[in-house]
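Enquirer: Take this structure first; my questions come after.
The values are calculated or read from the model by the stated rules, or taken from the named source; none is laboratory data. From a predicted model like this one, the values you see are computed outputs, not experimental measurements. Cβ sites come from the backbone with ideal geometry, for glycine too, and all protein chains shown count toward neighbours. The protein model used for the area step is the full one, side chains on, heavy atoms only, and it has no ligands, DNA or RNA in it. Shrake-Rupley method; radii C 1.70, N 1.55, O 1.52, S 1.80 Å.
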Amino acid sequence: MCVILDSGRVDIGHDVVLGPGVQVYTPQHPLDLVARATKVVTAPSVSIGNNVRVGGGAIILPGVRIGNGVTVGAGSVVTKDVPNNVVVAGNPARIVKHL
């Protein structure tokens, strides 16, 4: 089962496959203690392009944009934008191959 916390917008393109246990998060809590006390949570959008494969157990964090033709390795934690036509893997996810 996948989890998509959609306090903010989540766009998922065509021909996208999410493996089991994928998690997509938009809620983002402040790191500053004073701001945290206000209980205000932002929700930067997440965008997943077309023809993307996301391996099981991967986590996509708030504000991330994943380009077209991307493969995200199983168990990866995607913390930053991913350009088109690459394979990313690891924690944090890094480009391991250009397609």
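Enquirer: Could you list, in sequence order, all residues of the range 23-41 that are over 11 Å from residue 61 (Cα atoms) and either modelled with pLDDT of 95 or more or basic (Lys, Arg) (or both)? If you could, list the steps in order and put the result at the bottom.
Expert: Let us first name the residues in the range 23-41 that are over 11 Å from residue 61 (Cα atoms), namely 29-41.
Correct list: 36, 39.
Enquirer: Let me ask you something else. For residues that are out of contact with any strand residue (DSSP E or B) (no Cβ under 7 Å at 6 or more places or on another chain) and more than 12 Å from residue 43 (Cα to Cα), scanning just the range 16-29, find the one that is surrounded by the most Cβ atoms within 10 Å (Cβ to Cβ).
Expert: By that ranking, first place goes to 21.
Enquirer: For the range 39-54, which positions are surrounded by fewer than 20 Cβ atoms within 10 Å (Cβ to Cβ) and touching a Gly at 6+ places or on another chain (Cβ under 9 Å)?
Expert: Within the range 39-54, 42, 43, 44, 45, 47, 50, 51, 53 meet the criteria.
Enquirer: Scan the range 56-86 residue by residue and report those that are of a type in the set (Ser, Thr, Tyr) and either touching a helix residue (DSSP H, G or I) at 6+ places or on another chain (Cβ under 9 Å) or surrounded by fewer than 18 Cβ atoms within 10 Å (Cβ to Cβ) (or both).
Expert: Within the range 56-86, just 79 meets the criteria.
Enquirer: Suppose the filter is without any contact (Cβ under 8 Å) to a residue 40 or more places away in the chain and either open to solvent by less than 30 Å² (accessible area, probe 1.4 Å) or touching a Pro at 6+ places or on another chain (Cβ under 9 Å) (or both); does residue 13 pass it?
Expert: Answer is no for this residue.
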